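S.K.: Have a look at the structure that comes next, please.
The values are calculated or read from the model by the stated rules, or taken from the named source; none is laboratory data. Quick caveat: nothing in here was measured; it's all calculated off a predicted structure. Here the Cβ positions follow ideal geometry from the backbone for every residue, glycine too, while neighbour counts run over all protein chains shown. Quick note on the areas: whole protein, heavy atoms, side chains included, nothing else; ligands and nucleic acids left out. Shrake-Rupley method; radii C 1.70, N 1.55, O 1.52, S 1.80 Å.
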Amino acid sequence: MTDGPEQKFCPACGQPTPAHRIDWHFLGHELEHSVLHMDRGILYSLKELMLRPGHLMRAYLDGQRAKQVKPLLLLMITAAAVVLLGKYLLGGDLVGSAMQAGYSQGRAMGGNDVADPAVVTRSFAAARDWINTHLTAFTLLCLPLEAAAFWLAFRGRGLNYPEWLVVSAFLTVQTFVFMAFAVVLQRWLPSAQAWSMLFVCTYVVFSLIQMFQSHSRWTTALRTALGLAMFLLAQSLVTGAIVAVLLLSASLG
């Protein structure tokens with residue numbers, strides 16, 4: 001039995017030995033292996049998530065996780081990327097156009113006839129500014145609601161609530177990928193952010209149909225639509241609560 005410097009891995013923890021000193025070569029090597037490799041790491045997970053989302057999520061739930069970046073870490077990375085893109089390309093206004101589109105549509109349908117326009121405008125601005133500033137916090141706040149909505153919509157499909165938290169994290173990463181593209185295209189296509197939400201909802205349906213490929217596609221699509229509807233309602237309630245708190249704080253201040 002050999003011992004000493006010829007041993008390549010620690011018998012206790014499996015770490016490669018000897019441990020290399022952290023220098024520029026080490027950092028470059030870590031960047032290459034954890035980010036740039038197409039057979040594992042961030043780019044691999046993003047590629048699989050956008051091309052084979054249902055298969056990736058099913059494999060992750062089934063325990064095939066060695067090549068995948070943890071979904072919460074992937075969510076934080078993509079959220080940071082979207083925030084940076086929004087800061088430099090949109091002046092920090094990531095959700096303004098999408099919220100404005102919904103607001104305008106609501107007015108066109110007569111939804112704000114009984115509301116004071118000044119209050120509506122102030123509420124809209126308060127919600128937009130808070131979400132722009134705290135996008136990651138808002139996303140994490142809504143993630144348990146998204147998981148709960150899909151858990152309720154897909155009762156009987158064999159997934160527990162923590163597993164739906166993982167699936168929802170992956171779906172949120174998809175949302176950030178579409179948002180990133182929309183931010184880049186916003187300069188040439190002013191409605192890109194509003195359109196990206198349509199692509200997000202369509203891709204959620206596609207992803208869950210692929211994940212539940214042994215079940216009826218139409219049933220999965222209908223359950224997904226129900227889950228999305230419940231989540232969007234819950235998200236609207238959270239946004240309304242945030243607006244109410246902000247307006248109350250402003251009036252007391």
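S.K.: Take the alpha carbon gyration tensor of the range 164-217, find the square roots of its eigenvalues, order them as a ≥ b ≥ c, and report rounded if a/c is under 1.5; if not, report prolate when a/b exceeds b/c, else oblate.
M.R.: Taking the square roots of the gyration eigenvalues as a ≥ b ≥ c, the range 164-217 is prolate.
S.K.: Turning to a different aspect of this structure: Only Cα pairs under 8 Å and at least 6 apart count here; give the relative contact order of the range 154-253 as a rounded whole percent.
M.R.: About 19 percent, as a whole number.
S.K.: Order of 215-228, 162-175 by packing, highest average Cβ count within 10 Å first?
M.R.: 162-175, 215-228
S.K.: Return the carbon/sulfur percentage of the accessible area of the range 127-253, one whole number, probe 1.4 Å, all protein chains in place.
M.R.: In the range 127-253, the share of accessible area belonging to carbon and sulfur is 71 percent.
S.K.: I'd like to compare 55-63, 146-154, 239-247: which one has the highest average count of other Cβ atoms within 10 Å, and what's the full order after that?
M.R.: Order by mean packing, descending: 146-154, 55-63, 239-247.
S.K.: Also, I was wondering about something else. Considering only the other residues whose Cβ falls under 15 Å of the Cβ of Glu163, what net charge follows from Lys and Arg at +1 and Asp and Glu at -1?
M.R.: +3
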